[in-house]
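Structure first, commentary second.
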Amino acid sequence: MKRTKVIDALRSTAYGNDICVKGWVRSKRGQKGIFFIALNDGSTIKNVQIVGDDANFDEETLKRVTTGACISVVGKLVESPATGQASEIQATAIEILGDCDSTYPLQKKGASWEFLRSVAHLRPRTNTFGAILRIRHNMAMAIHTYFHEHGYFYFHTPLITASDCEGAGNMFQVTTKNLYDLKKDEQGKIIYDDDFFGEQTSLTVSGQLEGELGATALGAIYTFGPTFRAENSNTPRHLAEFWMIEPEIAFMDQEELMDLEEDFIKYCVKWALDNCKDDLEFLNKMIDKGLIERLEGVLKETFVRLPYTEGINILQEAIKNGKKFEFPCNWGDDLASEHERYLVEEHFKKPVIMTDYPRSFKSFYMKQNQETADGGSVGYKGAVAPGPTMQGTDVLFPSIGEIIGGSVREESYDKLMKEIDRRQMDMTHLWWYLDTRKYGSCPHAGFGLGFERLILFVTGMQNIRDVIPFPRTPRNAEF
Ligand code: 4AD
Ligand code: MG
């Protein structure tokens, strides 16, 4: 008999028909010679209830229906007398597909997140991880749909690269060299001539630079792929391998970039509310009571658009009024997540798009704001800053902090080269990038959304290790 997915069995009203379902036993209980099995096959958070009379089944088979076992059930679909479920199955035959003994690590409810990470090969079978992974899939679909419907082309950028987009130097090297026998020059520097690519290569930290090549040809592109960062940040917001979505758009300015960032995130959140109702309700009940309200709240809010300089003024004012921060926040300092969260969660109480950051801690490719005679600069809507600023536009979210990092790009070859020289950057591996500014350069902008940070927000989970199936973090590459 053809298998019916649990999600379809639960939706079906073809009562009286025989169906076959297959899945993993969540629980089995008995009462007065009747057994009840909660069966889940991953198609939905909901289990289908299998009911049967002990007397009609072989005792040995029923003994093997243990938590975690994989079974196939044939039976009649009936309207359920129990509340909270429309239908159930009156079993006529049960076949054990895979036994599961008492060493199965997911026996008990209420296992800690840490413990579940140690059994990441099995945790997708729990209710919570099933819900998270279905939402993760749905968010990927939302992203592709959004860009496709808005005329963006999915552009594939390389994972192995000879350049460092963010210039932060935290890259994983890619080599086929024998690490015990490295050829070095007189200064002791490794010679890569005989390596696979004939030069030093790494895993990419961002597809942006190649994305800009796409945007300046196809008009609007997006990437969606894994990125890698060898930063030793053991935080609940950082992974060494994470997925990033990077749209890049020709002829887009600062205001339009902010519009896109806001519209795109709202679209994804709405998609979750529209398409992941059962999973969100489960998470709302079990993990985070404010989740659905918070998601609905974001759709109603207009994101604040805030120049960095104004943000610093607000933080300084807060300090004057007694607020204590661990890290300093004077003009020119990069904001720590405590500062971002103060602005978003306590001051504005809604998402903030921060823009016009000081040049000192932003990337070389960002559009430079008009400088003033006294060394300051003029940015968003004429706001004045005491030093040089760039049109970075990051989105800061409640409980997450930075969810998007983006900017308008510097399209002037001369200005870009001046900045590269000022930073004493070695551009040997980026000659092709500079060609975009030489040949038909155009204003353009883009951003990177950390996929797992979006999933954190949409699921209400607290740790980024719990929103990706197999997290990669310092000292952890298991599974
Ligand atoms: O702010 P970032 O470093 O920006 C870029 O890489 C730009 N090239 C993007 C662009 O403009 N096309 O990273 C972008 C986003 C961050 O806002 C954050 O959400 C996420 O990527 N991110 C991380 N997520 C998980 N783990 C990490 N280690 C992350 N580093 C950045
Ligand atoms: Mg950033």
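Results, tabulated for the structure shown:
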quantity: One residue from Phe327, Phe348 being closer than 22 Å to His238 by Cα, modelled with pLDDT of 95 or more, of a type in the set (Phe, Trp, Tyr) and out of contact with any Ser or Thr (no Cβ under 6 Å at 6 or more places or on another chain); calculated: Phe327
quantity: Within the range 1-43, tally of residues that are assigned to a loop (DSSP other than H, G, I, E, B) and either among the small types (Gly, Ala, Ser) or loosely packed, with under 15 Cβ neighbours inside 10 Å (or both); calculated: 12
quantity: Given (1) within 21 Å of the chain's Cα centre (by Cα); (2) in a strand (DSSP E or B); (3) farther than 30 Å from Leu283 by Cα, number of the condition Leu209 does not satisfy; calculated: (2)
quantity: Wholly enclosed helices (runs of 4 or more DSSP H) of the range 220-322 bearing at least 1 residues over 22 Å from Glu410 (Cα atoms) and within 16 Å of ligand 2 (Cβ to nearest atom); calculated: 254-275, 308-320
quantity: Residue among Met461, Met390, Met427 that alone is within 30 Å of Leu291 (Cα to Cα) and not aromatic (Phe, Trp, Tyr); calculated: Met461
quantity: Qualifying residue in the range 367-388 (condition: touching a strand residue (DSSP E or B) at 6+ places or on another chain (Cβ under 9 Å) and within 13 Å of ligand 2 (Cβ to nearest atom)); calculated: no
quantity: One residue from Tyr154, Tyr180 being of a type in the set (Ser, Thr, Tyr) and closer than 15 Å to Thr223 by Cα; calculated: Tyr154
quantity: Any hit, the range 441-457, residues being more than 20 Å from Phe361 (Cβ to Cβ) and away from ligand 1 (no atom under 16 Å from the Cβ); calculated: yes
quantity: Residue count for the range 328-364, restricted to those that are within 14 Å of ligand 1 (Cβ to nearest atom) and charged (D, E, K, R); calculated: 3
quantity: Single residue of the range 429-455 satisfying the filter (touching a Leu at 6+ places or on another chain (Cβ under 8 Å) and aromatic (Phe, Trp, Tyr)) that is surrounded by the most Cβ atoms within 10 Å (Cβ to Cβ); calculated: Phe447
quantity: Unmet requirement for Asp426, which otherwise passes all of (1) modelled with pLDDT of 95 or more; (2) surrounded by fewer than 16 Cβ atoms within 10 Å (Cβ to Cβ); calculated: (1)
quantity: Qualifying positions in the range 306-317 - in contact (Cβ under 8 Å) with a residue 40 or more places away in the chain and either loosely packed, with under 13 Cβ neighbours inside 10 Å or closer than 25 Å to Leu273 by Cα (or both); calculated: none
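Listed here are the residues, each with its yes/no results for (1) of a type outside the set (Phe, Trp, Tyr); (2) farther than 25 Å from Ser407 by Cβ; (3) touching a residue at least 24 places away in the same chain (Cβ under 8 Å); (4) in contact with a Cys (Cβ under 9 Å, 6 or more places away or on another chain).
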position	(1), (2), (3), (4)
Phe155	no, no, yes, no
Asn170	yes, no, yes, no
Lys189	yes, yes, no, no
Phe197	no, yes, yes, no
Glu212	yes, no, yes, no
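The values are calculated or read from the model by the stated rules, or taken from the named source; none is laboratory data. This is a predicted model, so every value here is computed, not measured. Because the Cβ atoms are built from the backbone with ideal geometry, glycine has one as well, and the counts that use them run over all protein chains shown.
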